[in-house]
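> Here you go, one structure.
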Amino acid sequence: MPTPHLSPWRKPEHDDLADLARAFFTREVLPHTERLLAQGHPDREHYRRAGELGLLGLSVPEQYGGGGGDFTHEAVLLQEQAYAGEASLGLAVHSGIVTGYLVAYGSEEQKRRWLPGLCSGELVGAIAMTEPDGGSDLQALRTRAVRDGDDYLVTGAKTFISNGGLADLVIVAAKTDPEQRAAGISLLVCEVGGDPEGFRRGRLLAKIGLTGNDTAELFFDGLRVPAANLLGDAEGLGFVQLMQQLPQERLVIGVGAVAAMERAVELTVAYAKERSAFGKPLLGHQNTRMVLAECATRTRASRVFLDDCISRHARGELDVATAAMAKYWLTDGQCEVVDRCLQLFGGYGYTTEYPIARMYADARAQKIYGGTNEIMKELIARAL
Ligand SMILES: Cc1cc2nc3c(=O)[nH]c(=O)nc-3n(C[C@H](O)[C@H](O)[C@H](O)COP(=O)(O)OP(=O)(O)OC[C@H]3O[C@@H](n4cnc5c(N)ncnc54)[C@H](O)[C@@H]3O)c2cc1C
């Protein structure tokens, strides 16, 4: 779907990538939507196919099997996924987040071991921070990693983990020193493909939206993880690593938010031209015109802000507060715009026959994950 605003970071190579991604989502994944929604998780084969097409790990250096690009390429992929209305594949987490941790903190050996599989789609990645007792207060997490010879024994529970049902590699935030808050947290790469002893997946959570993605509980009961799977040179660096990577995670969420707004406005304008009430198209009624003008303006302003954040991030200059502003304001805008657009569809907007209904349900999670929007405001306020 073309946007009338040309992103300043966009180059011809991004258009080629967008064409490839759009063809993949619309021709190869969307025909399976109803089945994917019913099974509650994506097809592993779709990850493999995305890998085969070169769509995974776009910002991973080529020597590890990636595309050798940067965040702008990841952004184009996620944008096209949202324009297509595809929401089963957890690419935002798999490519946009997990590979980022490995590139940033992985040793040479770790990168060679895991990145090629993530880029080919042989491995599915996830990141597990949230626990049943709480997600916002990350420093209070209780999962333990206790050193035992050359291994760690990981014990604890994680919940709401995107891609958790299929994941082969899970970056787990665990306490290596339970006496400490932030300084006691370490990130461990847990290889859970084939469900090794000491690891169990709980049920796939029944959600109101994003039903084609496998959001799961994960249970660790003395899972043996080689000490060599620790990310970073020493224990206790996990919280700092999370803080450094979370701005990108928040930007990833913002990319999806703006693409969803653009899609909602386009779908609704088309519907409002086609559907009539009181003898004229909906778009002929003043309220419809006003609402769509407001939604289009909010969407354009969001796009300009997002583009500025993407450009800053590509230059390595996206600060925590600005990323939090993007996450909070863009997802609030997504929920508002999608809700107002749904209203213009009348009763049809409430039926899943029309994409706007699913967009409404899917949008709601955006204000919650990646740090809730309340926590985002706290981060912004701290920087004032
Ligand atoms: C679909 C989905 C996918 C997810 N994927 C992942 C994933 O892949 N990995 C992962 O680790 N997590 C994931 N999450 C979890 C998500 O990040 C957490 O739900 C979120 O961080 C909030 O944590 P919580 O649910 O424990 O809420 P709580 O922390 O219990 O918060 C409850 C409410 O209290 C508010 N609150 C808490 N503290 C404060 C405060 N100091 N000031 C003001 N208000 C406050 C919150 O904003 C919220 O409104 C996912 C969640 C969903 C819904």
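The values are calculated or read from the model by the stated rules, or taken from the named source; none is laboratory data. Note that the coordinates shown come from a computational prediction; the quantities given were computed from them, not determined experimentally. Every residue, glycine as well, gets a Cβ built from its backbone with ideal geometry; the counts of neighbours run over all protein chains shown.
> Under 6 Å between Cβ atoms, which residue pairs at least 6 apart in sequence (or on different chains) link something in region 104-127 that is on the phi > 0 side of the Ramachandran plot with a partner that is crowded, with 16+ Cβ neighbours inside 10 Å?
That search, which allows pairs on different chains as well, returns Gly121/Tyr47; Gly121/Ala50; Gly121/Gly51; Gly121/Leu56.
> Just checking, which of Gly54, Gly40 is touching a strand residue (DSSP E or B) at 6+ places or on another chain (Cβ under 9 Å), modelled with pLDDT of 95 or more and assigned by TED's automatic domain parsing to the domain that holds Leu115? Quick ask: steps written out before the conclusion?
Details: Gly54 fails: touching a strand residue (DSSP E or B) at 6+ places or on another chain (Cβ under 9 Å).
When all the criteria are applied, what remains is Gly40.
> Then there is this: Considering each residue of region 119-158, count those that are within 15 Å of the ligand (Cβ to nearest atom) and either in contact with a helix residue (DSSP H, G or I) (Cβ under 8 Å, 6 or more places away or on another chain) or not in a strand (DSSP E or B) (or both), and give that number.
18
> Could you list all residues from region 58-82 that are charged (D, E, K, R) and either assigned to a loop (DSSP other than H, G, I, E, B) or within 21 Å of Glu28 (Cα to Cα) (or both)?
Within region 58-82, Asp70, Glu74, Glu80 qualify.
To keep it simple, each residue is scored yes or no on (1) within 16 Å of the ligand (Cβ to nearest atom); (2) in contact with an Asp or Glu (Cβ under 8 Å, 6 or more places away or on another chain); (3) among the polar types (S, T, N, Q); (4) part of a helix (DSSP H, G or I).
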| site | (1), (2), (3), (4) |
| --- | --- |
| Asp307 | no, no, no, yes |
| His313 | no, no, no, yes |
| Ala326 | no, no, no, yes |
| Leu330 | no, no, no, yes |
| Val337 | no, no, no, yes |
| Gly349 | no, no, no, yes |
| Ile356 | no, no, no, yes |
| Gln366 | yes, no, yes, yes |
| Leu379 | yes, no, no, yes |
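> Can we say Gly232 is assigned by TED's automatic domain parsing to the domain that holds Arg340, surrounded by 15 or more Cβ atoms within 10 Å (Cβ to Cβ) and touching a Ser or Thr at 6+ places or on another chain (Cβ under 9 Å)?
When the stated conditions are applied, Gly232 does not pass them.
> Let me ask you something else. Identify all residues within region 175-200 that are in contact (Cβ under 8 Å) with a residue 40 or more places away in the chain, part of a loop (DSSP other than H, G, I, E, B) and surrounded by fewer than 17 Cβ atoms within 10 Å (Cβ to Cβ); write none if there are none.
If the condition is that a residue be in contact (Cβ under 8 Å) with a residue 40 or more places away in the chain, part of a loop (DSSP other than H, G, I, E, B) and surrounded by fewer than 17 Cβ atoms within 10 Å (Cβ to Cβ), then Asp177, Gln180, Arg181, Gly193 are the ones that fit.
> Output the number of the condition that Ala183 fails; it satisfies all remaining conditions of (1) within 23 Å of the chain's Cα centre (by Cα); (2) at pLDDT 95 or above; (3) not hydroxyl-bearing (Ser, Thr, Tyr).
(1)
> Within region 263-277, can you find the residues that are crowded, with 17+ Cβ neighbours inside 10 Å, aliphatic (A, V, I, L, M) and within 21 Å of Ala82 (Cα to Cα)?
Of everything in region 263-277, those that are crowded, with 17+ Cβ neighbours inside 10 Å, aliphatic (A, V, I, L, M) and within 21 Å of Ala82 (Cα to Cα) turn out to be Ala264, Val265, Leu267, Val269.
> Being assigned to a helix (DSSP H, G or I) and closer than 15 Å to Val170 by Cβ is the filter; apply it to region 83-99 and report the residue that is farthest from the ligand (Cβ to nearest atom).
My answer is Thr99.
> Could you list, in sequence order, all residues of region 193-214 that are under 14 Å from Leu36 (Cβ atoms) and in contact with a strand residue (DSSP E or B) (Cβ under 6 Å, 6 or more places away or on another chain)?
Answer for region 193-214, where residues must be under 14 Å from Leu36 (Cβ atoms) and in contact with a strand residue (DSSP E or B) (Cβ under 6 Å, 6 or more places away or on another chain): Leu204, Asp214.
> What number of residues within region 324-356 satisfy the criterion of being out of contact with any helix residue (DSSP H, G or I) (no Cβ under 8 Å at 6 or more places or on another chain) and either within 25 Å of Leu379 (Cβ to Cβ) or crowded, with 17+ Cβ neighbours inside 10 Å (or both)?
0
> Determine whether region 180-192 contains at least one residue that is in contact with a helix residue (DSSP H, G or I) (Cβ under 6 Å, 6 or more places away or on another chain) and within 12 Å of the ligand (Cβ to nearest atom).
yes
> Can we say Ile161 is among the β-branched types (Val, Ile, Thr), more than 9 Å from the ligand (Cβ to nearest atom) and closer than 23 Å to Gly106 by Cα?
no
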